[in-house]
Amino acid sequence: NMEIPLSYGTNFEGEKVRQDDLQVEFGGKENLSFELLVSQEEANVEDGKVEVFGPDLDILEKDVRFLPLAIVVNVYGRKMQKDFESMLERQIDRFINYACGIMHEGQRDASLIRVSRDAFSKGFKLKDLGTILYTMFHREYGAIIDKVEVRLYTDKGNVERLLRHAKDIFSLRDKLMLGLTDEGVDTYYSCLLCQSIAPNHVCILTPQRPGLCGAYSWLDAKASSEIVPTGANQPIFKGEPLDLRLGQWENINKFVREKSNQAVESVSIYSIVDSPQTSSGYFECILVVVPEVKGVMVVNRDYPGLTPCGMNFSELSLLLKRGAQVPGFLGISKLYILSRKFISAEGGLRRLVWMPRKLKNLLGEGIKQEALSIGAPGLLEKIADEEDAISLKELESYLLKVRHPSLSMTPLI
C-alpha cells in the first residue's frame, strides 16, 4: 500500500529499461553512484524521513539524462547487528526492481538505476524510491529493524564526498573476512538473489570466495540465513569431498543441481576450466583464459576498451549472463583476485597476465602482498595492462620481455 505512482510487485523484477525508453540514468558508466546501509543509534534515525539533496526528476532540465546518485539508508533496530548491514544493503537492488519501469543493477559503488519514460510520465520521483525502501525494509525485516531513514543525493559534490566515507566502510567489512579459510569451516552458503535475471544461476559463497557481485561475503550469507532461514542464503554442509584441488563436494553439487533446475550437474569452486561456477549479470569482473600464454586476463566493468582476447567487457558479459556455465570464462568479484583460493586449481595468481591499469592500481598493494606470500615477488610489474598490450601479439611480446611466470607453467587447455 505504498503511495507511489507505479505498479509494484515481484513480477516486475528483472524488467529491463532500454536506451530507447530511457528518461534518466543514475550511475553506470556515465556517473558516480553508490548505495550504503548503516545501523545507527536510535536518536540518529528519524523513522519515515525521506530526503532528496540535489535535483529530483520533476525539476531536471529537459536534456539531462545522466546523473550521479548516492543512496544512504540509516536504520535502527533493537535486534540489529553490524554484521547484518551489507546483507540488508544488498536488498536495495531487489526492492527497487519490484517497481514497474525502474531498473536497478549492481551494488556498493557500482550501481545503475534507469527510469523509463513511462514511469517518469506517471510522476515517479526519487522521493518515491525512498518510500519504497522505507516500506520494504519495515515489511520484510521488521523483526530486526525499528526505524528507517533514507537520504538520496544527486549533486556531484555530495556524492563524491560521501563516496569516500562509503568506501572506508566497504573496506572495513571486507577486512572482517581476513583470517577465515575454506578449510576452517564445515558449511558454505548459497546465494540465489540473482535468479530473477538468471534462473539457473547458483552462487556458492565460501570464506575465501566472495560473491561475484562483490557485495556479499560468506559472513553476509551466514547472517542472512540466521535472519531469514528460508531465504536466498541457505547453509550447505560440505560433507565428504570429491576433489579438493578442484573444490568439489557431493553435497554442494547436489544442491546446485537442484537449485539450478538440473541445468548444472557439478561445480568446481576453485577452477575456471573444469565445471566453473555460473554467473549472473552482476559480476564486478570477468576472468578469461588466454591459452596462447598459459594464463588468464581479467577485465572489470569500468573498463570500456578492448582486451587481448579481442572483446570488451560488454561483449564478454553476453557469454556469461543468465546462469551459463562456460569453461574458460568466469564472473568474479575484485577481491577474489586477492584470495589464496583464486583459481587455485590452475595455479592461482601466477596465471594472471593482463588487467586494466585502473584495476591494477586499485588492487596493487594486495597483489604485491599475495605475490610475496606465494613466492612470486615482482609479479605485479609483470602483469600487463592496456598501456603495455591490447592485442594478443602485443601481450605475448610483453610477457616474454618481462619473463612472466605463466609462460613456464603447464598449458591451461
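The values are calculated or read from the model by the stated rules, or taken from the named source; none is laboratory data. Worth saying up front: this structure is predicted, and the values here are computed from it rather than measured. Neighbour counts are summed over all protein chains in view; Cβ atoms, including those assigned to glycine, are modelled from backbone coordinates with ideal geometry. For the accessible areas, the whole protein counts, side chains as well, though only heavy atoms, and no ligand, DNA or RNA atoms are used. Shrake-Rupley method; radii C 1.70, N 1.55, O 1.52, S 1.80 Å.
Geometric descriptor of the range 308-390, per residue, is 102 Å³ (volume of the convex hull of the Cα atoms). FRET efficiency for the pair GLN40 and SER397, taken as 1/(1 + (r/R0)^6) with r the Cβ-Cβ distance and R0 = 60 Å, rounds to 0.65. Here is the short version for the chain: CYS100, CYS194, CYS213, CYS285, CYS309 have no other Cys C-beta closer than 4.7 Å. Across the range 228-240, rounded Karplus estimates of 3J(HN,Hα) from the backbone phi angles (6.51 cos²θ - 1.76 cosθ + 1.60, θ = phi - 60°) give 10, x, 9, x, 6, 10, 10, x, 10, 5, 4, x, 6 Hz, Gly and Pro being marked x. Projecting the Cα positions of PRO405, GLY378, SER391 onto the charge dipole of the range 374-413 (unit charges on Cβ atoms of Lys, Arg, Asp and Glu, taken about the Cα centre) puts PRO405 furthest along the positive direction. Computed over protein heavy atoms with a 1.4 Å probe, the carbon and sulfur contribution to the accessible area of the chain reaches 49%.
Taking amide H positions as modeled 1.01 Å from N, with prolines and chain starts lacking one, the residues under 5 Å from PHE53 and 5 or more places away or on another chain are LEU152, TYR153, THR154. Across the chain, C-alpha contacts under 8 Å between residues 6 or more apart give a mean separation that, scaled by the residue count, equals a relative contact order of 14 percent. In this Cβ point-charge picture (+1 for Lys and Arg, -1 for Asp and Glu), the range 96-146 has a dipole of about 240 debye about its Cα centre. The alpha carbons of the chain occupy a box of 63, 49, 39 Å along the principal axes, longest dimension given first. Charge dipole (Cα centre; +1 on Lys/Arg Cβ, -1 on Asp/Glu Cβ; no other charges) of the chain amounts to roughly 680 debye.
Ligands, DNA and RNA are left out, and with a 1.4 angstrom probe the accessible area of the chain is 43 Å² per residue. The heavy atoms of LYS16 present about 70 square angstrom of accessible area, all protein chains included, probe 1.4 Å. Per-residue Karplus couplings for the range 14-30, computed as 6.51 cos²θ - 1.76 cosθ + 1.60 with θ equal to phi - 60°, are listed in order as x, 5, 9, 10, 7, 4, 6, 10, 8, 8, 8, 10, 10, x, x, 7, 7 Hz, Gly and Pro entered as x.
Projected over all directions and averaged, the alpha-carbon convex hull of the range 342-413 occupies 4.8 nm². The HN-Hα couplings worked out from phi for the range 385-391 by the Karplus form 6.51 cos²θ - 1.76 cosθ + 1.60 (θ = phi - 60°) are 10, 5, 7, 9, 7, 10, 8 Hz, whole numbers, x standing for Gly and Pro. What the Cα convex hull of the range 272-361 gives, in volume per residue, is 88 Å³. Strictly greater than 17 Å: what percent of every Cα pair in the range 228-309 meets that? That fraction is 60 percent.
Close amide H pairs (under 5 Å, H built 1.01 Å from N) link GLN248 with LEU242, ASP243, ILE269, residues at least 5 positions away or on another chain. Our estimate of slack between LEU319 and ARG117, defined as 0.36 nm per intervening residue step minus the Cα-Cα distance, is 69.8 nm.
Once a ≥ b ≥ c are taken as the square roots of the eigenvalues of the Cα gyration tensor of the range 162-229, is the result rounded (a/c under 1.5), prolate (a/b larger than b/c) or oblate (a/b not larger than b/c)? Oblate, because a/c is 1.5 or more while a/b does not exceed b/c. For the chain, complete DSSP H runs whose alpha carbons reach 20 Å or more along their own long axis and whose mean Kyte-Doolittle score is -0.5 or higher are 126-141. Given axes a ≥ b ≥ c from the Cα gyration tensor, I'd like to know whether the range 158-314 is rounded (a/c under 1.5), prolate (a/b larger than b/c) or oblate. The shape class here is oblate.
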